[in-house]
Amino acid sequence: MSARVAFLQLYRLGILLAVAWLVHAHHARLRIEGDAPVRVSEVTLWFSNATQLELDLGAHGGFHVLDQSGAKLGYVIRTLPQAERILGYCGITDTLVALGSDDRVLGFKIRSSEDTKTHVGDVMADRHFKKTWNGLTWEQVASMDLAKAGVEGVSGATKTSLAVAEGIVHRFRVAQGEAQAKTWRWGARDIGLAIVTTLGLWMTFTKRPGRERWRRWFQWLVIGYIGFLNGDLLAQSLLAGWAKSGIAWHQSPGLLFLAAAAFLVPWAAKRPVYCQQLCPHGAAQEIISRHAPVRWRVGVPESVERGLRCLPALLLLFVLFVILLPLDFDLATIEPFDAYLIRSAGVATLSIAVIGLLATLWVPKAYCKYGCPTGALLEFVRSRGVGDRFERRDIAAGVLLLLAIFMHTQHAAWRAVFL
Ligand code: SF4
């Protein structure tokens, strides 16, 4: 591989990872800050040298407290939104908990509350209650049984104080649960998907005679197993969810293996393994166009073709807007892949699937060429080998990355314009 080709491939992978990281950071910020971002002034009670708060994108989902030199002084977490279902006397309470550099609780304070003001004041005035968790570790707070620990609440503000206590324990439990749920779970579904993916890889690279005949049988397996039985297709809704919330690799290792093969094989070895072998909708289109009479084929005029080929890229742009603004829009409705989950498929998804399959009677793989954003993403990372050049797709991807950076850093201004 020449240096130019290696650089191009690193550029493409870098763009993909950078956009995914921006989406992840953006949603972590929205999730953690919610409608009331934590300010440095709120933590100086425990950390007098604090000058900045650094968002923690890990499972604990809080903020590192830093001094001017960037040294870590401690950590803070707020109980909302995770504890938004825990009601006190007449509403929810947002509490801020501080932990020292030894990961032990220093104290808590109420940031805001919908509860009765006098009750909230009583809670914060009760010195004994305020020290309930002081000195405890993450694990000790998360596993705390409030009744057994003798946490009875503050006299005159029992419901409010117990809601604060439950909110703190719940928040630590959520953080600990997310931190600990990282063990691989290989179920039958994952093993099946890994086997079919491996067969697809073999089909991609083998040169054995009879390969084309086996591939035709394999396409039916892909439609039946990956499509209708498993429903584990790569789609914008799945990739956006992974970028936003992280990959559930420990829960869906089979799907992760499929996705890794789909992106890494074309990136490293030029072969579009997912689109050629493993996508049920691609296989269905290929089967239909194989059986459609050749006389039905129509040529798409070049000017129309040029316009249509822009559609997948425009859909990717739309997806970026939806996930960064964020808009309340179901990304599954812009692709046909949910149609394979017949019972839960919506009208839009089914329509795109049916129209795409019908179109292939006249234009082979019409949907793949002119409508598929997921295919466009996989095609973007695919190497073209020694003749590879910096192309329009690379410029477009660079522009998308700049747009994502702008939307992430200027989020408030964007929301004001579009929402
Ligand atoms: S372009 Fe889209 S529909 Fe076609 S094979 Fe690839 S992922 Fe499937």
### Query
Of the residues A412, A348, which single one is of a type in the set (A, V, I, L, M, F, W, C) and in contact with a helix residue (DSSP H, G or I) (Cβ under 6 Å, 6 or more places away or on another chain)?
A348
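Take D330 and decide whether it is surrounded by 17 or more Cβ atoms within 10 Å (Cβ to Cβ), modelled with pLDDT under 90 and either farther than 22 Å from A283 by Cα or not aromatic (F, W, Y) (or both).
Here the answer is no, as D330 does not meet what is asked.
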### Query
So which residues in the range 62-90 are of a type outside the set (A, V, I, L, M) and at pLDDT 85 or above, if there are any at all?
G62, F63, H64, D67, Q68, S69, G70, K72, G74, Y75, R78, T79
### Message
Looking at V154, V174, V169, V222 in this structure, which one is touching a Cys at 6+ places or on another chain (Cβ under 8 Å), at negative phi and surrounded by 12 or more Cβ atoms within 10 Å (Cβ to Cβ)?
### Response
V222
### Task
Look at L314 and say whether it is away from the ligand (no atom under 14 Å from the Cβ) and over 27 Å from Y11 (Cα atoms).
no
### Query
Can you spot a residue in the range 342-358 that is open to solvent by less than 30 Å² (accessible area, probe 1.4 Å), touching a residue at least 24 places away in the same chain (Cβ under 8 Å) and either over 23 Å from the mean Cα position of the chain (by Cα) or over 25 Å from L193 (Cα atoms) (or both)?
yes
### Message
Can you say whether D232 is out of contact with any Gly (no Cβ under 6 Å at 6 or more places or on another chain), in the same structural domain as A404 (by TED's automatic domain parsing), buried (at least 19 other Cβ atoms within 10 Å of the Cβ) and in a loop (DSSP other than H, G, I, E, B), as far as the supplied structure shows?
### Response
yes
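Being away from the ligand (no atom under 16 Å from the Cβ), open to solvent by 20 Å² or more (accessible area, probe 1.4 Å) and aliphatic (A, V, I, L, M) narrows it down to one residue among A188, A194; which is it?
Of the residues listed, the single one that is away from the ligand (no atom under 16 Å from the Cβ), open to solvent by 20 Å² or more (accessible area, probe 1.4 Å) and aliphatic (A, V, I, L, M) is A188.
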### Query
Restricting attention to the range 319-346, which residues are within 16 Å of F228 (Cβ to Cβ), within 16 Å of the ligand (Cβ to nearest atom) and of a type outside the set (F, W, Y)?
P336, D338, A339, L341, A345
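For E42, are the conditions met, namely being more than 30 Å from D394 (Cα to Cα) and out of contact with any Leu (no Cβ under 9 Å at 6 or more places or on another chain)?
So E42 does not fit the description; no.
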#### Entry: Residue in the range 272-306 that is most open to solvent (accessible area, probe 1.4 Å), counting only those that are farther than 19 Å from L358 by Cα and within 13 Å of the ligand (Cβ to nearest atom)
Q276
### Query
So which residues in the range 91-124 are at pLDDT 85 or above and among the hydrophobic types (A, V, I, L, M, F, W, C), if there are any at all?
L96, V97, A98, L99, V105, L106, F108, I110, M124
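Report the residue count in the range 197-218 for those that are open to solvent by less than 50 Å² (accessible area, probe 1.4 Å) and either in contact with a Gly (Cβ under 9 Å, 6 or more places away or on another chain) or free of Cβ contacts under 8 Å to residues at least 40 places away in the same chain (or both).
4
The rows are residues; the columns are (1) of a type in the set (S, T, N, Q); (2) not assigned by TED's automatic domain parsing to the domain that holds L377.
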{"position": "W133", "(1), (2)": "no, yes"}
{"position": "S143", "(1), (2)": "yes, yes"}
{"position": "T160", "(1), (2)": "yes, yes"}
{"position": "H170", "(1), (2)": "no, yes"}
{"position": "L201", "(1), (2)": "no, no"}
{"position": "R208", "(1), (2)": "no, no"}
{"position": "R211", "(1), (2)": "no, no"}
## Note on the structure
Those strands (runs of 3 or more DSSP E) completely within the range 63-146 that have 3 or more residues that are more than 31 Å from the chain's Cα centre (by Cα) are 105-113
### Query
Which residues, counting only those in the range 363-395, are touching a helix residue (DSSP H, G or I) at 6+ places or on another chain (Cβ under 6 Å) and more than 9 Å from the ligand (Cβ to nearest atom)?
P364, A366, Y370, F380, V381, R382, S383, D388, R393
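The values are calculated or read from the model by the stated rules, or taken from the named source; none is laboratory data. As the structure is a computational prediction, the values presented were derived from the model and not from experiment. When we count neighbours, we look across all protein chains shown, and the Cβ atoms used for this are built from the backbone with ideal geometry, even at glycine. With ligands, DNA and RNA removed, areas are computed over all heavy atoms of the protein, side chains included. Shrake-Rupley method; radii C 1.70, N 1.55, O 1.52, S 1.80 Å.
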